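Throughout, read-outs are computed from the coordinates displayed, never taken from laboratory work. Fair warning: this is a prediction, and the values are worked out from it, not measured in the lab. Because the Cβ atoms are built from the backbone with ideal geometry, glycine has one as well, and the counts that use them run over all protein chains shown.
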There are 2 protein chains.
Amino acid sequence: MTTENRQWQLASRPHGAASLDNFRLVTAPLVPLQSGQVRVRNRYLSIDPYMRPRMDDRRSYVDPQPLGEVMQGETVGEVVESRSPHFKTGDHVLGMLGWQLYATAADTELTRIQHRSDVPLSTRLGCTGMPGITAWYGLKHIIQPRAGETIVVAAASGAVGSVVGQLARQLGARTVGIAGGARKCAIVKDEFGFDVCLDHRDPHFPQALLQATPDFIDGDFENVGGPVLDAILPRMNAHGRIALCGFISAYDAKPTPLNNFVCALLNRVKIQGFIITEHPEIWPEASTELADLVASGKLHYRESVTDGLENAPQALLGLMTGANVGKQLVKLA
Amino acid sequence: MTTENRQWQLASRPHGAASLDNFRLVTAPLVPLQSGQVRVRNRYLSIDPYMRPRMDDRRSYVDPQPLGEVMQGETVGEVVESRSPHFKTGDHVLGMLGWQLYATAADTELTRIQHRSDVPLSTRLGCTGMPGITAWYGLKHIIQPRAGETIVVAAASGAVGSVVGQLARQLGARTVGIAGGARKCAIVKDEFGFDVCLDHRDPHFPQALLQATPDFIDGDFENVGGPVLDAILPRMNAHGRIALCGFISAYDAKPTPLNNFVCALLNRVKIQGFIITEHPEIWPEASTELADLVASGKLHYRESVTDGLENAPQALLGLMTGANVGKQLVKLA
């Protein structure tokens, strides 16, 4: 039996783009298992975009990857030794077992994979695992595409984007993929069945996006950000939905103040624009409730009343500079 | 009976800040009513922030205010003459009747006001009318505050913001108002009952916001935008909600490309950040469905497989530059 493990550790934090210097390959002895522990021989390691921002020392939804410890990451592997009643040698398991050949883990950290001969093991880290489930949730729970709608997916050849597009098409949506370069665009169309794929490296990309979305964009599955998102936003349809999944364009940049959308993702914020005249169904309830509150003295208000029609323009100009308090009115004497 | 009307028309479109030159006061004769028409003597004209962007010639959710026509705006008034069976002289009505003393309108354009002696007529344009209903909808339907949550409201002394804060407090939320200057801040606290009010003109405003939100921000009713929103966003709590209602900070600026949040408002877009590991309840359903799709050949996937643990860092660096197609894996031979 092997007594030696090899693992990658984070040696230093990047400034701007990550480089090989930031990683260190280490050899270490395997220590005997304690009760409840399982030894796993990792077969596949998943490499995901989230790993890059975690190399930075910055507040996020999880703690940063610690320096000098094994790089965090999901693997599928095979149990080679067990001191747990729940796992036996030969079981296939999934876990956050890190960038290493062998993992020594508590049995509570492992998920058993139900083996299916028609579902390759490696896809448990891809289209049937976390990336596929990410696509499934963002599309079905946030974007909720209806038949005939136009859905845009950046990084359409990637692990997440390729699933988003196929699921959207199965729901009857028109799918517009975005990818980098002719080779990826061909795969997105021919293999993943997107209706269109645009190359974001094309200098005419913004115009190409307009032409590819004659009925505007109803849903955007956003995992890139940057100039691609800047082109998508003004093209959104009324009542469009954007699922913020990732911002790979920002991960490898020099540290800068977080942009607004990155903040929205990190905090899982819902942002919704609304125009009150589009919701006539709530007007009777709302206006009655508000009038009752005024009548009972429970809703206070202020009015800034400008006297005379001739002064109406000044009233509007004043509103722009904050001259008013409360509701700005013009009294038409 | 008066035979003359006075009205403000849009004379020219602003470049940057609007000025009095953009408006023209016109006198015109009142023409006889046609069947179904009603003459209204406007008593109060509402002056609202939306009027400023409508002076520009730009695609939006409504057409721009036409040049040389009466400025659009909501009024409350009194019927002075009627050729409609639905309205009689003396009725109080509400309508988009414009910046003018008299309006000649089809009866279908008017809403009768149920007179209540305990609800002042002018509030039908303010806290019990469109601005109040805007506050009610954005707060109750989008932000949905829970007791104990922290809700931030910019332009807190305004027609909309003052209602948002009071309704939020009645729902048990902690309310942090933002306003311009000490006088408005005092009104926001003393009269509208916000827990705190911050002056956005204070050079230490960003730090003051941190101190005023020790438990972060759960909801933001956004009607200002600009640097105030930039300070709010990084302070949002996990699963926070932002109702995009308006961007008064952008309305009077020189024409520039629309910023991302203005686009989101104009198109009534819902933007939602999500982290897939926070939704464990959907994993079994999603992974089974995806595995079935793979097994039946209905879900295509690509893998970029890097061979050997020693090459894992290159695999991550390649992912940052788009070297992969589909899921990036490392095979641990």
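Looking at the protein assembly as shown alone, DSSP beta bridges between its own residues are antiparallel in about 55 percent of cases.
For the rotation carrying B onto A, the chain B residue whose Cβ lies nearest the axis, with the distance in whole Å, reads B:271, 2.
Within chain B, the cysteines lacking any other cysteine Cβ closer than 4.7 Å to their own Cβ are B:127, B:245, B:263. Mean residue ellipticity, 222 nm, helices only, the protein assembly as shown: the sum of -39500 (n - 2.57) across DSSP H runs of n ≥ 4, divided by residue count and rounded to 500, is -6000 deg cm²/dmol. Once the convex hull of all Cα atoms in the protein assembly as shown is built, its volume per residue stands at 175 Å³. For residue A:20, neighbours were defined as the other residues whose beta-carbon sits under 15 Å from its Cβ, and their charges (Lys and Arg +1, Asp and Glu -1) total 0.
Shielding value for B:185-198 is 1, the average number of Cβ atoms from other chains within 10 Å of each residue's Cβ.
Mean per-residue shielding of peptide B:10-16 is 0, counting Cβ atoms of other chains within 10 Å of each Cβ. Among B:238-245, A:227-234, A:141-148, the peptide with the highest mean count of other Cβ atoms within 10 Å heads the list, and the full ranking is B:238-245, A:227-234, A:141-148. In this structure, the amide hydrogen of residue B:322, modeled 1.01 Å from its nitrogen in the peptide plane, lies closer than 5 angstrom to no residue at least 5 positions away or on a different chain. Considering only the other residues whose Cβ falls under 13 Å of the Cβ of residue A:282, what net charge follows from Lys and Arg at +1 and Asp and Glu at -1? Residues near residue A:282 contribute -3 overall. Taking every full run of DSSP H in chain B, the ones that stretch at least 15 Å from end to end by Cα along their long axis and average -0.5 or higher on the Kyte-Doolittle scale are B:283-295. Under 5 Å between amide hydrogens, built in the peptide plane, is the criterion, and for residue B:5 it picks out B:28, B:30 among residues at least 5 positions away or on other chains. Each peptide in A:125-138, A:298-311 gets a packing score, the mean of other Cβ atoms within 10 Å over its residues, and the list from highest to lowest is A:125-138, A:298-311.
Counted by neighbouring Cβ atoms within 10 Å, the residues A:23, B:194 run from fewest to most as A:23, B:194.
Cβ crowding within 10 Å ranks B:99, A:283 as A:283, B:99, fewest other Cβ atoms first. Close amide-amide hydrogen proximity is noted between residue A:50 and no other residue 5 or more places distant or on a separate chain, at a cut-off under 5 Å (H modeled in the peptide plane; Pro and chain starts excluded).
Taking a straight line from the alpha carbon of residue A:184, these lysines sit under 16 Å away, with near neighbours fewer than eight places off in the same chain left out: B:327.
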